[in-house]
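Have a look at the structure below, then the notes.
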Amino acid sequence: MYRMYDVVIVGGGPSGATLARLIDQSKSVLIIEKTDEKSISKLCGGLIAPDAQRMLGKFGLFLPKKVLVDPQMFYVESYDLETKNKQRYQRFYLNINRKDFDNWLLKLVDRNVSISRNTKYLSHEYSGDSITIQIEKNGKRDFVESKILVGADGSQSQVRRKTFNDFRYITKYISIQSEIVGGVILPCYEVYFDRGLTDFYGWTIPKNGTNIIGIALQGKDAREKYERYLKNVLGNNFQEVSRRSTVIIRPRRLNDHKTDKDNRVFLIGEAAGFISPSSAEGLSYAFRSAEALAASINSGKNTGKDYRKRSLRIKFNLFMKNIKSIFMYTKFLRNLIFKLGIRKL
Ligand SMILES: Cc1cc2nc3c(=O)[nH]c(=O)nc-3n(C[C@H](O)[C@H](O)[C@H](O)COP(=O)(O)OP(=O)(O)OC[C@H]3O[C@@H](n4cnc5c(N)ncnc54)[C@H](O)[C@@H]3O)c2cc1C
């Protein structure tokens, strides 16, 4: 494979697939995705929140039944494990199978877009007016050329690392998630706060007759904390079917968001640091940033300047989520909210 493209997108997740779908057909586009269709699902709660639903509506997309799982939920139960305070508020989430959702989004991409699965981005360098991108497919190294390189490669973006080398400064958590059967658990979306374990939160979500339980933790003793968390929430009578973990980023500073470099390399979705620091909701930001970059690429204007301008609204929204975090994660303020019965923040 050695071809010149207008745009090479690293990552065929929600942001990469959406960008590829929205770029003008006149442009040649290649998506490089390291997994194949059958690979294990991305570690995720698999909930489409109202903001992401709005974006799907804006795109005019209809979600097929095959990506949904049981049950669909209309409220959230939130618990403070220290004070035992609890609150129920209404919010409608779509409960999905994340792997099926990602595969569905990628299938919507226009036939003019080339998709290379099982292909890993390794590095890139500028050569004249283009960028030479080194990739690995089936153990073999190869090169592609492009005018524009987009990092849509998620929370551990290699494109971002190789372009900005700044990922180590973003606040990171290890999110551990298990599939379980049994235990004292409600068949609804529950969120847990416990300052003794984490300054972020934990969750349980029912999925097709089983439940997933997860939490975002920090520190060397994260595994021990996880065992405590399982006991606190589930009691002793449960069976753990599987357990996985991944990095989750929590962008707290404006500088954690990076969008572009030299009018040639661009970042979208979680690679850009676009994920809610209050809830870790990321799908709406993946869609919004992909939409913004596609509009900039299609506009024929200075892409870097235009994308920076368009992403200001996303950054402002994330700034407000950081303010919201102060209320959600300060024990006194949260308990006040619980007491006053303010239903949602
Ligand atoms: C535990 C957990 C639970 C979450 N739950 C939710 C939730 O319920 N709802 C929600 O809205 N958000 C949730 N999120 C956040 C959400 O998953 C992300 O924000 C969202 O997936 C970001 O989309 P993206 O396309 O930017 O990145 P990703 O979905 O991470 O996609 C990146 C893609 O790039 C590919 N890739 C990575 N590196 C390379 C490489 N070197 N070469 C080629 N391909 C590469 C990956 O295989 C992947 O397909 C959760 C996150 C975590 C960690």
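Only the coordinates and a few stated rules stand behind these numbers; no lab work does. What you see is a predicted model, and the numbers here were worked out from it, not measured in a lab. So basically every Cβ, Gly included, is an ideal-geometry build from the backbone, and we count neighbours across all protein chains shown.
General remarks:
- When +1 charges are put on Lys and Arg Cβ atoms and -1 charges on Asp and Glu Cβ atoms, the dipole computed for the chain relative to its Cα centre reaches about 660 debye.
- Out-of-range pairs (alpha-carbon distance over 18 Å; input Lys99/Lys140; Lys258/Lys305; Lys172/Lys309; Lys66/Lys107; Lys66/Lys120): Lys99/Lys140; Lys172/Lys309; Lys66/Lys120
- Gyration tensor verdict on segment 198-345 (Cα atoms; rounded if a/c is under 1.5, prolate if a/b is larger than b/c, oblate otherwise): prolate
- The aspartates and glutamates within cross-link reach of Lys301, meaning a Cα-to-Cα straight distance under 18 Å and a gap of 8 or more places when in the same chain, are Asp6, Asp24, Asp129, Asp260, Asp262, Glu291.
- In plain terms, the residue of Leu293, Leu108, Leu149 with the fewest other Cβ atoms within 10 Å comes first and the most crowded comes last, giving Leu108, Leu149, Leu293.
- A Förster radius of 45 Å combined with the Cβ-Cβ distance from Lys86 to Lys301 puts the calculated FRET efficiency at roughly 0.35.
- Within straight-line cross-link reach of Lys38, aspartates and glutamates at Cα separation under 14 Å, skipping those fewer than 8 residues along the same chain: Asp100, Asp102
- Beta-bridge orientation, the chain: approximately 70 percent antiparallel, per DSSP, counting only bridges with both partners inside.
- Among Lys38, Lys99, Lys207, the largest mean-square fluctuation in a Gaussian network model of the chain (Cα springs under 10 Å) belongs to Lys38.
- Selected from Gln90, Gln218, Gln158 as most flexible by GNM, with the chain as the system and alpha-carbon contacts under 10 Å: Gln90
- Given charges at beta-carbon only (K, R positive; D, E negative), |dipole| of segment 1-142 in Debye: 400
- Segment 122-169: C-alpha gyration tensor shape, a/c 1.5 cut-off, then a/b vs b/c: oblate
- Each 10 Å bin from zero holds the following percent of Cα-Cα pairs in segment 80-220: 8, 25, 28, 22, 13, 4, 0.
- When the Gaussian network model of the chain links Cα atoms closer than 10 Å, the mean-square fluctuations of Gly304, Gly139, Gly202 top out at Gly139.
- For segment 1-54: rounded, prolate or oblate by the Cα gyration tensor [a/c cutoff 1.5]: oblate
- By the beta-carbon count within 10 Å of each Cβ, the least crowded to most crowded order of Cys44, Cys188, fewest first, is Cys188, Cys44.
- Kirkwood hydrodynamic radius (C-alpha pairs) into Stokes-Einstein, the chain, 20 °C and 1.002 mPa s, D in µm²/s: 102
- Listed by chain and number, the aspartates and glutamates placed with their C-alpha closer than 13 angstrom to that of Lys34 are Glu136, Asp153; residues fewer than eight positions away on the same chain are left out.
- Each Lys or Arg adds one and each Asp or Glu subtracts one; over the other residues with Cβ under 11 Å from the Cβ of Lys34, this totals -1.
- Debye equation applied to the C-alpha atoms of segment 140-213, log10 I(q)/I(0) at 0.13, 0.23, 0.27 Å⁻¹: -0.67, -1.08, -1.26
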